[in-house]
1. Quick one: what pairs do we get from the range 33-51, first residue aromatic (Phe, Trp, Tyr), second not in a loop (DSSP other than H, G, I, E, B), C-beta under 8 Å, 6+ apart or different chains?
2. Looking only at residues that are of a type in the set (Gly, Ala, Ser) and loosely packed, with under 12 Cβ neighbours inside 10 Å in the range 1-30, which one is modelled with the lowest pLDDT?
3. Here is a check on your reading of the model: is residue 54 surrounded by fewer than 16 Cβ atoms within 10 Å (Cβ to Cβ) and either modelled with pLDDT under 90 or over 12 Å from the mean Cα position of the chain (by Cα) (or both)?
4. Do any residues in the range 1-20 that are closer than 21 Å to residue 61 by Cβ have Cβ atoms under 7 Å from those of residues that are surrounded by 13 or more Cβ atoms within 10 Å (Cβ to Cβ) and acidic (Asp, Glu), where the two are at least six apart or on different chains, and which pairs are they?
Amino acid sequence: MKIEEFGKDNDSIIVMLHGANFVHTFGRQYSLAADFHLIIPHIMGFGGEAERVFDTETCITELAEYIS
């Protein structure tokens, strides 16, 4: 899973999950990187993971494993 991170020096983490085909919908929220560590995963089938076919169960498993 491709991951983008911003504000890596911050202790508090926000994981931002995008809607279908909208990886970069967080343009206004990127300013939160001044105070938070932002993690933006590219969900399978979209963005940097567009070559993978989306599967709900696989996606849930991958996200849960990454976040844990």
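1. Close Cβ pairs satisfying both conditions: 36/13; 36/14.
2. That would be 20.
3. yes
4. Correct list of pairs: 1/49; 1/62; 2/49.
The values are calculated or read from the model by the stated rules, or taken from the named source; none is laboratory data. Nothing here was measured: the structure is a model prediction, and the numbers come from that model. Here the Cβ is made from the backbone with ideal geometry for all residues, glycine too, and neighbour counts use every protein chain on show.
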